[in-house]
Amino acid sequence: MLNLLYINRKNKGFILSYVLILSALLLGYLFMIAMRVDGYEPEIFEKGYMYFMILSFVLATMILPLWEIKENDYLKGFIDLLIFTFSAIPLIFILLMVGQISKGNILLPILIQILWGIIIFSMKNMLKSIKLHRTIRAFLLVICNFFVLIFSTIYLFYYSQYANLVITTIFDKDIPNIFFLNPLLSLTGILYEQMGGSNQMGNKPFIICFVFWGIISSVMIYLSSKIAKYQGV
């Protein structure tokens, strides 16, 4: 059990960097924006919560590809991911308590971040199993993150302009379902709804994102296990 909880020095550095960067962002927001407003304004803290969760997701996406994982040790990788993700929860609770926001709001955003972390670890493990050079593995992970998170968001903007879509909310019924495979878009939609924004699709975007990437991660885990078994013969 203790072996599962052990984090090597390099990974501890990633956790420390993650927490320190988020702490600086949180303190900067509280003292430079929220605390300078006269009286209590819920919208200030609600926007801060949204931005904080989105930035923590983006920052985790940048750090996790660098995380050292043991090949085909999925349980250890999952425990590492939970430790990394939960390291930011005290900071989130501080923001929620100061802003008087329900603590139950963090469940779905945290689940999406864990899901995306599983995808990153699964892809990294599969690329490691097929003995690709470290530089090539890093390049492929960056390309994957770019196309899934950034390019699809940009494409949605131009698609909406081309199709003359009038998008009134992030979970707008006129947005094709395929765009919600982007976990960053689904995360933003959930956060927007939690802060009082409208939702025309219910839980459908979250389910689409979770089921699709759950299947993809399962396939990658299966393939990497088969590759490792073949190489061991």
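Bear in mind these aren't lab numbers, they're just calculated from the coordinates by the rules spelled out. All figures in this text were calculated on a predicted structure; none of them were measured in a lab. Because the Cβ atoms are built from the backbone with ideal geometry, glycine has one as well, and the counts that use them run over all protein chains shown.
Percent relative contact order of the chain, based on C-alpha pairs within less than 8 angstrom and at least six residues apart? Walk me through the numbers on the way to the answer.
Working: 188 pairs, mean separation 52.9, N = 233.
Relative contact order, the chain: 23 percent.
Scan the chain and note any complete DSSP helix (H) whose C-alpha atoms cover at least 30 Å along its axis and whose Kyte-Doolittle average is -0.5 or more. Write down the numbers at each step before the final one.
Working: long enough: 9-32 (34 Å, 1.18); 42-63 (31 Å, 1.10); 107-129 (33 Å, 1.45); 204-232 (42 Å, 1.02).
Within the chain the helices that satisfy the rule are 9-32, 42-63, 107-129, 204-232.
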Quiz prompt | Inter-part distance where region 48-92 and region 161-233 are each reduced to a Cα centre, Å | solution = 18
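Using the structure shown, select from Lys12/Lys226; Lys10/Lys76; Lys128/Lys229 the pairs with a Cα to Cα distance greater than 19 angstrom.
Details: Lys12/Lys226 31 Å; Lys10/Lys76 16 Å; Lys128/Lys229 14 Å.
Pairs exceeding 19 Å: Lys12/Lys226.
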Exercise. Within region 4-52, report the chymotrypsin sites (Phe, Trp or Tyr not before Pro) that DSSP leaves as loop and that have at most 14 other Cβ atoms within 10 Å.
Key: Tyr6, Tyr40
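Ranked highest first by average number of other Cβ atoms within 10 Å, how do 140-150, 170-180 line up?
Numbers: 140-150: 15.1, 170-180: 16.6.
So the peptides 140-150, 170-180, ranked by packing, come out 170-180, 140-150.
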